[in-house]
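Here is the structure we will look at.
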Amino acid sequence: ATQPYDPDNIFAKILRGEIPNDTVFEDEHVLAFRDINPQAPVHVLVIPKGEYVSWDDFAAKAPDVEIAHFVRKVGEIARDLDLVEPGYRLLANIGGHGHQEVPHLHVHLFGGKPLGPMLA
Ligand code: 5GP
């Protein structure tokens, strides 16, 4: 079972403006910002503003319109960062084995260089 949402997680604090972030895109439902410890020349995190612990929680509970909006925005943000033509990578870590560190759904967007094969 998914853990309850922790309103003190670091991305909740970012959404409340309690911690600064390097915003790439924001609208009513979505925030995209640069990862503080980038693993590629472009490393952006895209999060829904709703309180979802993980991709699993989002897929199970979010209204279809929120899911559609989120998926479209991830694609638009990648296009706006000029990542589509060279290519890029999306990643969502989920839970313990997935090594998810922050319990608010985030999609990692990596690009800006050839990334090599997927890591185990
Ligand atoms: P996870 O392992 O949960 O998928 O990844 C969490 C990501 O959040 C990591 O890549 C980490 O560098 C990033 N991160 C953690 N704290 C902060 C923060 O305060 N600001 C930003 N911009 N990124 C953070």
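Quick note: the coordinates plus some simple rules give every number you see, no bench work behind them. Because the structure is a prediction, the values reported are computed rather than measured. All Cβ positions, glycine included, derive from the backbone under ideal geometry; neighbour counts span all protein chains shown.
Descriptive notes on the structure:
- Members of segment 84-97 found to be surrounded by 13 or more Cβ atoms within 10 Å (Cβ to Cβ) and under 14 Å from TRP55 (Cβ atoms), listed by number: LEU90, LEU91, ALA92, ASN93, ILE94, GLY95
- Candidate set from segment 45-60 (those that are in a helix (DSSP H, G or I) and charged (D, E, K, R)); member that is surrounded by the most Cβ atoms within 10 Å (Cβ to Cβ): ASP57
Quick grid of which residues meet (1) out of contact with any Lys or Arg (no Cβ under 9 Å at 6 or more places or on another chain); (2) surrounded by 12 or more Cβ atoms within 10 Å (Cβ to Cβ):
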site: VAL30; (1), (2): no, yes
site: HIS43; (1), (2): no, yes
site: ALA62; (1), (2): yes, yes
site: LYS73; (1), (2): yes, yes
site: GLU76; (1), (2): yes, yes
site: LYS113; (1), (2): yes, no
site: GLY116; (1), (2): yes, no
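- Within segment 32-41, being in contact with a Gly (Cβ under 8 Å, 6 or more places away or on another chain) and crowded, with 16+ Cβ neighbours inside 10 Å holds for one residue alone: ALA40.
- Scan segment 75-120 for residues that are assigned to a loop (DSSP other than H, G, I, E, B), within 15 Å of the ligand (Cβ to nearest atom) and β-branched (Val, Ile, Thr) and the total you get is 2.
- Among the residues of segment 14-28, those identified as surrounded by fewer than 17 Cβ atoms within 10 Å (Cβ to Cβ) and either near the ligand (Cβ under 10 Å from one of its atoms) or farther than 19 Å from PRO103 by Cβ (or both) are GLY17, ILE19, PRO20, ASP22, THR23, PHE25, GLU26, ASP27, GLU28.
- Tabulated pairs, segment 13-40, first closer than 17 Å to LEU83 by Cα, second exposed (fewer than 12 other Cβ atoms within 10 Å of the Cβ) and of a type in the set (Lys, Arg), C-beta under 9 angstrom, 6+ apart or interchain: ALA40/LYS113
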